[in-house]
Amino acid sequence: MSTRMKGSRGFARAALLWTLLILGICAAAFLYFFEYYSEEVDRGFGSEARRNPYLAAEKFLDRIGIPHRQADNIAVLPALNDNDVLFLANSNLIYNEQRLWELLEWVERGGQAIVVSNQLTTDGERNLLLDLLGLEVTHGDTDLYFNWRLREVFGEEAKTLQEKTVSELMRDHNRKLAEKSKKQKSDTAPIEDGVEATQDAVAKDKRNPEVDPERLINLTSDGGTSYSLYFDPELLLSHEMMAQGDEADVQGGLLHWVTFQDLTLQAGQASAQPDDIADYDSDLLHHQSPLVFFEYGRGRITLMADNGLWQNRRIGEFDHGFFLAHLVGHKNLVMITHPHFLGFGELIRRYWLEFFTAGGLALLAWIANRSRRFGPRDPEGAPVRRSLLEHVRACGYFYWREHTARRQFEKVRSQLLGKILPHAPNPLTEDRQVEVGQSLAERTGLTTAEIIAALWGPAPHSEEMFTACMRSLQIIEDAL
């Protein structure tokens, strides 16, 4: 038995050693042939960027040393000074005329404001700032660059397919994918070169997307710095004076605007004709503007209809971020992007002393009003009485309003008809009514019409008719 146990232990020890040896050989072979490499995968925006669409702008301002902070709502205006720049992500945040004039007074003293106009999504609500300046937000030309779902599928080819239906777009896209796959299989170029070219193209697309040059806005600052901007051409600002010049006097200030690039003028042509350039739109180029400046007093208001210029998705394109830094300058940026108003509970926590003081004063006023007053007592007046006739008249008016008179009339008439014609069918025919009326007229002295109206006519609807009908019924009853 001991010999068997020794043999089994030796076999297990040998199996363990061979297993460890094989695992070591596999690990060595894996480490020898394995090559480490890193790959960056775009997982989209993080949770913080999804909550705050201006997170990239805030990070950019931090990097270049421009101080900024978030404010709850437009009520921050009284606390601003001349060294602040106010950014309103929506012009509807100016919700009443008092706030509008507070903004204009602050700008007149030297403040600067950047306002994104959003008139098309207000459901008929007034936009006080735009109404004051005579501006409107209108629809311009549609650009597929802003249709992110189409661009994710078709890329830069989307703008060449603008006139086609969705099914045609998908068929063309699948056909091009198949042709591209065949071309890649027959291509003898190294894979590394293709990967590097793709990465360079993607990096270039992220910085400056391929757009039509006439859609761009090129601005030059006083210091000579040039900024290339790309506004959404679908939402534009318009003014009745845009077709007549570059500026206008509004509310004691100077309103001037910037239009899109005109390629015909750059080419040195004397006059622009719609047939010279494809898709040329003179109304878009000269009668609508993506950027408007309103100089008022010592300050300025910058207005635009494109609300995505400095959001996370587009701030890295062209010179958008640097243009924001140019507008802010060396001042402090106060951003109102998510308006927040104090709730009732927060108001109580913040102003609890005022609440308790007002409540205490109201309680003291109520106690003083309900407390007993001391002093000479006024003599009691004589009891008010009314005559019997007034009492009867008041009772009659009360019963009449409660429709008691009609019920009383119907009751008296039904009892009288039961005495006159106890077994007659109800209602009687007109001939029978006339016969009975003539018979009673001879005994009562009433006319046949009065008897028929009293016995079979409609219930009285006025006091005079009620009195006359009750009198007729009384005379008929006395005659019987």
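What follows draws every value from the coordinates through simple rules; no lab data is involved. Computed from a predicted structure; not experimentally measured. Here the Cβ is made from the backbone with ideal geometry for all residues, glycine too, and neighbour counts use every protein chain on show.
Computed values, structure above
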item	result
Loop-resident sites, the range 43-86, for trypsin sites (Lys or Arg not before Pro), counting at most 14 other Cβ within 10 Å (DSSP)	ARG43
Segment HIS403-PHE45, extension gain: residue separation times 0.36 nm, minus the distance between their alpha carbons	121.2 nm
Loop chymotrypsin sites (Phe, Trp or Tyr not before Pro), the range 42-120 (other Cβ atoms within 10 Å of the site Cβ: 16 or fewer; DSSP)	PHE45, TYR95
Principal axis dimensions, the range 42-116 - Cα atoms, whole angstrom, descending	46, 27, 17
Cα-centre dipole for the range 310-373 with unit charges at Cβ (Lys and Arg positive, Asp and Glu negative), debye to 20	560 debye
Orientation-averaged projected area, Cα convex hull of the range 307-413 (nm²)	23.6 nm²
